[in-house]
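Enquirer: Got a structure for you, questions after.
The values are calculated or read from the model by the stated rules, or taken from the named source; none is laboratory data. The structure presented is a predicted model; accordingly, all values stated were derived computationally and were not measured. Methodologically, a virtual Cβ is constructed for each residue, glycine included, from the backbone with ideal geometry; neighbour enumeration extends over all protein chains shown. To get the accessible areas, we keep the full protein, side chains included, count just its heavy atoms, and leave off ligands, DNA and RNA. Shrake-Rupley method; radii C 1.70, N 1.55, O 1.52, S 1.80 Å.
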Amino acid sequence: MTLPAPSPDDPAYLRGLNPPQREAVLTSDGPVLVLAGAGTGKTAALTARLAHLLYMRKAYPSEILSVTFTNKAAREMRERVGRLVGDVVEGMPWLGTFHAIGAKLLRRHAELVGLQANFTILDTDDQLRVLKQLILTADLDEKRWPARQLAGLIDGWKNRGLVPADLDAGESEAFANGRGQQLYAAYQARLAALNACDFGDLLLHMLTILRREPAVLEQYQQRFRYIMVDEYQDTNTVQYLWLRLLAQARKNICCVGDDDQSIYSWRGAQVENILKFERDFPGAKVIRLEQNYRSTPHILAAASGVIANNSGRLGKTLWTAEQAGEKVRVIGVWDGPEEARRVGDEIESARRAGTGLNDIAILVRAQHQTREFEDRFIAIGLNYRIVGGMRFYERAEIRDALAYLRIVNQPADDLAFERIVNVPKRGLGDKAVAKLHMLARAQGIPLSTAAARILDSDELTPQARRSLGNFVIDVARWREMAGDLPHPDLARQILDESGYTAMLQAEKSVEASGRLENLTELVRAMEEYETLGAFLEHVSLVMDNEASASEAKVTIMTIHAAKGLEFDTVFLAGWEEGLFPSQRALDEGGTASLEEERRLAYVAITRARRKAVILHAANRRIYGQWTSSIASRFVRELPDAHVESETSMVGGESLWRANWTDRADPFADVGRGTGRGPGWQRAAATGSSFVREPARVVEARASAVSIGNKGRSDVAVGMRVFHQKFGYGTIAEIEGNKLEIDFETAGRKRVMDSFVTTS
């Protein structure tokens, strides 16, 4: 097909398009795959294509199926097309998200799957309530087999287009020792009885109908003369099967996406869908959008150098007409706190140079990484916002843990008591809590005191009295322990003994794992404060730091949440093996997960318009222990010509090349000659006291070479010191400005060096 040359008489929607974009718009018939790299104007091309179909009268508005992934994207497309071709866009009933269109179709044919047209769509809470009832009916222990875990499995099955009859024994074994299929079938039957469905059913039921009812399938194959799909790389199996069925007759399907930005496998996305498009639709036209309008050449080259290491990709080369700009900077720091300090210093310097805070973002791999940045920015008075999630101390699991600590620290804290008296579930219903409130108000006493007094009455049921009694005893015991046990250790014990940790472990979900990581980070944060009261006061200051919505703020978010966004300056934190790429992802998914992690790195770098700064730390505190780290393999994959590396470690060297140079396998010589496997590392930097030790041990840091966190020079291991609270003791270990001391009467304690005097 020969495309017409650009002309001054072209419709408005064609003006300003580059040749590949123009080709994507004008190639209207037959299967088309538009590979749109990051920042290449794919929304403009997709919108112009839709406008072209309407302007050229190739189809009525009601004959075009245009699918997006978010309501925001659907609204944006509708508005853009409306500006180009007028009010005709209002007659497009089939422009929307997969689920919105699925719901509209299903209401037309609900009776074919045993529903009525006015069916209810359950939210997550309703779904969990139904599943809990079924688990109870099946005589299963909901603590061992939680409803949330079953909900995740069912959602995964529906994303793959599997009805209960499709599950094999292996799939069924995933829940309650082989009862997964039975419970899935019971759940679907219960939903039918309620005339309800969940979000997964909106597409699964329609897939079932299209497969079983040839007349219905033919009706929609004829109706939809053209099909357009945005973000095709993010489709899951049921969405893919649904689209392929509808497109088989006319084959006028245009899918726009980027295989290099497929980063959502954890919610069912299958990058294979876009990779096999040409097999599904022989003769398909593949158009590559490669001119980037967002980033500088150095940034694009760095991103391209990383993603080129993936084998599962269709391939494209991004380029830009922009000036070269600054090289991507790679900074090696000593530890996590220094990383936060360095980023804070860089941001303040950029602000003095005229960069607005709204144009700066910090992207992290895991939510728990935000905590150190939040604490640092509070300390220096730098406004920030958390996007795509709550601020660290606002998360439900953190608030719960803090409530336990507050009630131990302050018995009269009724808000804390009320929050956790039945978390985890202790069989204390609303009526029992209401009786506590009545007694507390009547006698003018705190809820915790009322709880102790009500145990001597018959106001509560025997079960509620027993549960509340155990809770009261636990709180009293924790309060006694607070005088002797270091507060981080106390927090760990409370979380374990209260059942809170076990509650999250029982969920066996990615979300629960993230919550456990956040709790670990909370305990780690407590170690920086001398007392529990001092830590809780710090949290209060953090929570009170909500700046005006109109004020400029630095954006802190995960890389996943940043997809589709862009900023002038982007700081990419925590690029170390095990953190990014995520060790958990590699353990669970192997090579496929590694390639997705690399796509995530590509997405992260291409969020930057002008400046990209990558940071990695030589040491991080993980699960309460210092871990020596090597820079991420993605750092090694950055092209030298487009990168500037530096280190801010006192007496050290940049580790990112030292750790990786000339290694085909980054772990090939780790521990060589030691008889030990991966996880053992060589001495890393001059000026530190590293020896060949396990990755979870950083031994004998007597020199305390940590920027901004230096230890005293007048203390040493073996020295006798005095602490005002714990008395005399001997220093057993030094870690920066923190000392492990064996006290003569109080046992081993961890204290700040500023709280001891030499004797």
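Enquirer: Residues being within 15 Å of ALA552 (Cα to Cα), assigned to a helix (DSSP H, G or I) and not polar (S, T, N, Q): count how many of those fall in the range 352-377.
Expert: 4
Enquirer: Identify, please: which residue in the range 159-183 is among the aliphatic types (A, V, I, L, M) and part of a loop (DSSP other than H, G, I, E, B) and is, among those, farthest from THR235 (Cα to Cα)?
Expert: ALA176
Enquirer: Of everything in the range 734-744 that's within 13 Å of VAL721 (Cα to Cα) and not hydrophobic (A, V, I, L, M, F, W, C), which residue is surrounded by the most Cβ atoms within 10 Å (Cβ to Cβ)?
Expert: Taking the candidates together, the pick is GLU740.
Enquirer: Given the options THR461, THR520, THR449, name the one that is open to solvent by 20 Å² or more (accessible area, probe 1.4 Å) and either under 34 Å from the mean Cα position of the chain (by Cα) or of a type in the set (Asp, Glu) (or both).
Expert: Criteria check complete, one pass: THR520.
Enquirer: Do we find that GLY574 is farther than 19 Å from GLU511 by Cα, open to solvent by less than 10 Å² (accessible area, probe 1.4 Å), of a type outside the set (Phe, Trp, Tyr) and assigned to a loop (DSSP other than H, G, I, E, B) in this structure?
Expert: Yes.
Enquirer: Do we have ILE347 as open to solvent by less than 10 Å² (accessible area, probe 1.4 Å), outside any helix (DSSP H, G or I), in contact with a strand residue (DSSP E or B) (Cβ under 7 Å, 6 or more places away or on another chain) and not aromatic (Phe, Trp, Tyr) here?
Expert: no
Enquirer: Please work out which residue is nearest to ALA51 (Cα to Cα), limiting yourself to the range 14-31 and to residues that are surrounded by fewer than 23 Cβ atoms within 10 Å (Cβ to Cβ) and in contact (Cβ under 8 Å) with a residue 60 or more places away in the chain.
Expert: Going through the qualifying residues, I end up with SER28.
Enquirer: Which one of these does THR70 not meet: (1) closer than 24 Å to LYS104 by Cα; (2) in contact with a Leu (Cβ under 7 Å, 6 or more places away or on another chain)?
Expert: (2)
Enquirer: Which residue pairs have Cβ atoms closer than 6 Å, lie 6 or more positions apart in sequence or on different chains, and pair a first residue in the range 241-265 that is in contact (Cβ under 8 Å) with a residue 24 or more places away in the chain and among the basic types (Lys, Arg) with a second residue that is open to solvent by 10 Å² or more (accessible area, probe 1.4 Å) and assigned to a loop (DSSP other than H, G, I, E, B)?
Expert: Listed pairs, sorted by first residue: LYS251/PRO31.
Enquirer: Then there's this: What tally of residues in the range 225-242 results from selecting those that are in contact with a strand residue (DSSP E or B) (Cβ under 9 Å, 6 or more places away or on another chain), assigned to a helix (DSSP H, G or I) and surrounded by fewer than 21 Cβ atoms within 10 Å (Cβ to Cβ)?
Expert: Qualifying residue count, the range 225-242: 0.
Enquirer: Of all residues in the range 51-80, how many are under 33 Å from the mean Cα position of the chain (by Cα) and either over 27 Å from ARG609 (Cα atoms) or at pLDDT below 90 (or both)?
Expert: Going through the range 51-80 one residue at a time, the tally reaches 15.
Enquirer: Which of the following residues is surrounded by fewer than 20 Cβ atoms within 10 Å (Cβ to Cβ), farther than 20 Å from ARG598 by Cα, hydrophobic (A, V, I, L, M, F, W, C) and touching a helix residue (DSSP H, G or I) at 6+ places or on another chain (Cβ under 8 Å): LEU275, LEU314, LEU289, LEU245?
Expert: The conditions single out LEU245.
Enquirer: Filter the range 112-136 for residues that are open to solvent by less than 30 Å² (accessible area, probe 1.4 Å) and not in a helix (DSSP H, G or I); which is nearest to VAL216 (Cα to Cα)?
Expert: Checking each candidate, the answer is LEU115.
Enquirer: Continuing with the same structure: For ASP198, state whether it is open to solvent by less than 30 Å² (accessible area, probe 1.4 Å), in contact (Cβ under 8 Å) with a residue 60 or more places away in the chain and more than 30 Å from GLU278 (Cβ to Cβ).
Expert: yes
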